[in-house]
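Below is one structure, written out as structure tokens; comments come after it.
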Amino acid sequence: MRYIQGFRDGRTAAALARLIRREARADRNYHLMEFCGGHTHSVFRHGIPDLLPDNVEMVHGPGCPVCVLPVARLDMAIDLAGRDDVILASYGDMLRVPASRRNSLLKARSRDSDVRIIQSAREALDLARDNPDKQVVMFAIGFETTTPQTALAIRQAADSGLGNFSVFCNHVLTPSAIQSILDSPEVRDLGQVRVDGFLGPSHVSTIIGSAPYEFFAAEYQRPVVIAGFEPLDVMASIVMLIRQLNEGRAEVENQFTRGVTRTGNEKAKALVADVLELRPEFSWRGLGQVPYSGLRVKKAYAAFDAEKRFELNERPVRENKACQCPAVIRGVKKPTDCEIFGTVCTPRNPIGSCMVSDEGACAAYYRYRRYAETA
Ligand code: SF4
């Protein structure tokens with residue numbers, strides 16, 4: 001705890017706030033996207049926007065795995081959970097995410113679907129061992145941070161011949177999402193969203209390293225700073241981004257040196273590469289189809305691929321028209337631009353995924369910012 005407090009020290013935060021104000025030039029604006037929902041919550045929880053000068057704006061990115069999962073994939077998980085022989089093992093934050101037809105995993109569970117909450121992939125394996133007469137399907141979502149766990153579970157199931165375990169794989173890739181944002185019409189053509197630089201996610205980068213971001217820095221001339229999640233990490237990273245922009249540099253810098261290297265975790269990357277492979281297309285909520293942005297189970301492990309075992313197919317579904325999650329995820333709108341924010345849509349009655357997840361921008365605004373925004 002004392003170690004964490006060192007990254008939350010008020011006096012150091014005040015000094016960093018002064019430094020940001022001194023570094024930010026009065027003759028320009030700085031639009032900095034925090035890719036990760038963990039950063040969005042840190043930014044609001046610690047009141048960082050109130051410490052920034054008016055010309056430094058944080059833009060919220062799509063780095064919330066629950067938020068970007070398309071409704072059609074959630075519907076598939078609900079269908080799976082409804083089968084008599086299936087136990088669906090899901091991380092807890094997926095349960096309240098609204099699916100189509102006002103459905104959710106939580107509602108499916110109340111109708112007798114067997115949905116169990118897990119904290120780790122290992123718990124899903126344990127469920128399969130403890131329930132040999134059932135098919136246990138792990139509902140796997142997340143960015144690169146959680147992917148190695150899934151890959152390891154599949155490999156362990158294969159090694160131990162655990163025939164009643166499979167994975168419904170929805171893992172997605174951070175670099176593809178960043179590229180999709182930079183290629184989006186709102187950023188590239190229409191100028192609706194300005195992104196001058198990125199705060200890169202630190203947890204993801206402990207696995208993939210900082211090297212994969214070098215492409216954006218070079219090709220799109222956008223600086224990236226890999227930032228830790230504590231408030232002083234975020235503020236120090238803002239200083240680093242502002243300095244790069246002032247000096248006309250577009251490089252990848254690593255603020256989170258206590259956890260991230262340039263090459264990442266080679267062992268975890270090799271494990272993922274052995275078990276999972278790129279999908280040619282994957283649909284994201286908010287970003288649409290993004291080529292080579294998702295992972296699926298490799299043929300060698302097809303016996304553990306729930307999409308193959310249960311012959312699952314994605315059906316197109318309509319989004320709730322009132323919900324602006326897709327625009328919020330792309331950074332085009334703020335949660336407070338949504339007409340039903342904080343009235344019809346609240347954490348107790350979420351209409352969209354961005355209000356459910358701990359990493360969602362709407363949940364962050366509701367918890368920490370709604371009074372400030374409406375004052
Ligand atoms: S406030 Fe609710 S309905 Fe509006 S964009 Fe956010 S999650 Fe969707």
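The values are calculated or read from the model by the stated rules, or taken from the named source; none is laboratory data. In this text the structure is predicted, and so the values were computed from the model without any measurement. Methodologically, a virtual Cβ is constructed for each residue, glycine included, from the backbone with ideal geometry; neighbour enumeration extends over all protein chains shown.
So the values come out like this:
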quantity: Scan of segment 104-115 for residues that are surrounded by 16 or more Cβ atoms within 10 Å (Cβ to Cβ) and modelled with pLDDT under 95, ordered by number; calculated: none
quantity: Within segment 335-375, considering residues that are in a loop (DSSP other than H, G, I, E, B) and at pLDDT below 90, the one farthest from the ligand (Cβ to nearest atom); calculated: Ala375
quantity: Odd one out for Ile78, checked against (1) over 24 Å from the mean Cα position of the chain (by Cα); (2) assigned to a helix (DSSP H, G or I); (3) farther than 26 Å from Phe198 by Cβ; calculated: (1)
quantity: Single residue of Arg285, Arg243, Arg315 found to be farther than 27 Å from His41 by Cβ, touching a residue at least 12 places away in the same chain (Cβ under 8 Å) and not acidic (Asp, Glu); calculated: Arg315
quantity: Cβ pairs under 7 Å, 6+ apart, first in segment 327-344 and within 24 Å of Ser176 (Cβ to Cβ), second of a type in the set (Asp, Glu) and more than 7 Å from the ligand (Cβ to nearest atom); calculated: Arg330/Glu186; Val332/Glu186
quantity: Residues of segment 190-230 satisfying the condition of being free of Cβ contacts under 8 Å to residues at least 60 places away in the same chain and either assigned to a strand (DSSP E or B) or of a type in the set (A, V, I, L, M) (or both); calculated: Leu190, Ala211, Ala217, Ala218, Val224, Val225, Ile226
quantity: Residue within segment 76-85 that is surrounded by fewer than 14 Cβ atoms within 10 Å (Cβ to Cβ) and without any contact (Cβ under 8 Å) to a residue 40 or more places away in the chain present; calculated: yes
quantity: Residue selected from segment 321-334 under the condition within 8 Å of the ligand (Cβ to nearest atom) and under 21 Å from the mean Cα position of the chain (by Cα), by the criterion farthest from Met94 (Cα to Cα); calculated: Lys333
quantity: Condition check for Gly38: in contact with a Phe, Trp or Tyr (Cβ under 6 Å, 6 or more places away or on another chain), touching a residue at least 60 places away in the same chain (Cβ under 8 Å) and not in a helix (DSSP H, G or I); calculated: no
quantity: Hits in segment 65-101 (condition: modelled with pLDDT under 95, basic (Lys, Arg) and closer than 24 Å to Glu144 by Cα); calculated: Arg96
quantity: Close pairs from segment 351-371: first charged (D, E, K, R), partner more than 10 Å from the ligand (Cβ to nearest atom) and assigned to a loop (DSSP other than H, G, I, E, B), Cβ under 9 Å, at least 6 apart; calculated: Asp358/Cys64; Glu359/Cys64
quantity: Within segment 209-234, considering residues that are farther than 14 Å from Gly197 by Cα and of a type outside the set (Gly, Ala, Ser), the one nearest to the chain's Cα centre (by Cα); calculated: Phe229
